[in-house]
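The values are calculated or read from the model by the stated rules, or taken from the named source; none is laboratory data. The structure displayed is predicted, hence computed values, not measured ones. Neighbour counts run over all protein chains shown; Cβ positions are idealised from the backbone, glycine included. Only protein heavy atoms, including side chains, enter the accessible area calculation; ligands, DNA and RNA are left aside. Shrake-Rupley method; radii C 1.70, N 1.55, O 1.52, S 1.80 Å.
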Amino acid sequence: MMASLGEENSNDDTLMFMDLAIQQAKLALDSLEVPVGCVIVRDGKVIASGRNRTNETRNSTRHAEMEAIDTLLQQWREKRLSTSEVAEMFSKCYLYVTCEPCIMCAAALSIIGIKEVFYGCANDKFGGCGSILSLHSSSSEAPRNGGVPQGKGFKCTGGIMASEAVFLFHNFYEQGNPNAPKPHKPLVHQAIQ
């Protein structure tokens, strides 16, 4: 499963790594999670993977990308890497994810300084890489008035194996989300007499 990554990824490498992300999304689907999966690659090797675990953990921040990032942070903490060494490591990493990172994940990816993101389908409701916001192209200006740091930005390419990712979403929503809130009955407005 070793692939060589130079400055530019070959189409075969991109498809191979995206297929691994799809496999993570299938694991999420099997666990009744929204089917999003990812892998992080450095020097042509998968060094972390993640899948959505928001329902399992009852923690809405446990998106696939955050799971993979936390795996790396834990490994690097155990190796006692400095903050600058961790930043250097992330700057050489590529993320392959089945759905466009949401605003939260895109902001985190920008702040950690990931090199490049490849994603499957667009995220029309929460996308942080162009669908709603474009956090991947953030400026490096200092935050104003105590704002949140903008991050470094990253190169981003979408539409890779998008139909496979959309198919998983269709399967998930067709079976129904057992963890979704129950719909409320519409309020009946009474006429005031």
Options SER91, SER49: the member that is open to solvent by 40 Å² or more (accessible area, probe 1.4 Å) and farther than 18 Å from GLY113 by Cβ: SER49
Pick out the one residue from LEU15, LEU20, LEU32 that is open to solvent by 40 Å² or more (accessible area, probe 1.4 Å), in contact (Cβ under 8 Å) with a residue 12 or more places away in the chain and in a loop (DSSP other than H, G, I, E, B). LEU32
Of the residues in the range 155-169, those that are of a type in the set (A, V, I, L, M) and in a helix (DSSP H, G or I) number 4
GLY128 being within 15 Å of CYS102 (Cα to Cα) and modelled with pLDDT of 95 or more: no
Do we find that SER84 is modelled with pLDDT under 95 and under 28 Å from ASN11 (Cα atoms) in this structure? no
What about ALA64, is it in contact with a Cys (Cβ under 8 Å, 6 or more places away or on another chain), under 21 Å from PHE17 (Cα atoms), among the small types (Gly, Ala, Ser) and in contact (Cβ under 8 Å) with a residue 40 or more places away in the chain? yes
Got a number for residues in the range 137-160 being touching a helix residue (DSSP H, G or I) at 6+ places or on another chain (Cβ under 7 Å) and either modelled with pLDDT of 90 or more or surrounded by fewer than 16 Cβ atoms within 10 Å (Cβ to Cβ) (or both)? 4
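Condition check ((1) at pLDDT below 95; (2) polar (S, T, N, Q); (3) closer than 22 Å to HIS136 by Cα; (4) touching a strand residue (DSSP E or B) at 6+ places or on another chain (Cβ under 8 Å)) across all residues:
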residue: PHE17; (1), (2), (3), (4): no, no, yes, yes
residue: LEU20; (1), (2), (3), (4): no, no, no, yes
residue: LYS26; (1), (2), (3), (4): no, no, no, yes
residue: LEU32; (1), (2), (3), (4): yes, no, no, no
residue: ILE69; (1), (2), (3), (4): no, no, yes, yes
residue: GLN74; (1), (2), (3), (4): no, yes, no, no
residue: LYS79; (1), (2), (3), (4): no, no, no, no
residue: VAL97; (1), (2), (3), (4): no, no, yes, yes
residue: GLU116; (1), (2), (3), (4): no, no, yes, yes
Filter result (open to solvent by less than 40 Å² (accessible area, probe 1.4 Å) and either touching a residue at least 24 places away in the same chain (Cβ under 8 Å) or of a type in the set (A, V, I, L, M) (or both)) within the range 68-86: ALA68, ILE69, LEU72, VAL86
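Here's the yes/no breakdown for (1) closer than 14 Å to CYS38 by Cβ; (2) in a strand (DSSP E or B); (3) touching a Cys at 6+ places or on another chain (Cβ under 7 Å):
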site	(1), (2), (3)
ARG77	no, no, no
MET89	no, no, no
LEU95	yes, yes, yes
ALA106	yes, no, yes
TYR119	yes, yes, yes
ASN123	yes, no, yes
HIS136	no, no, yes
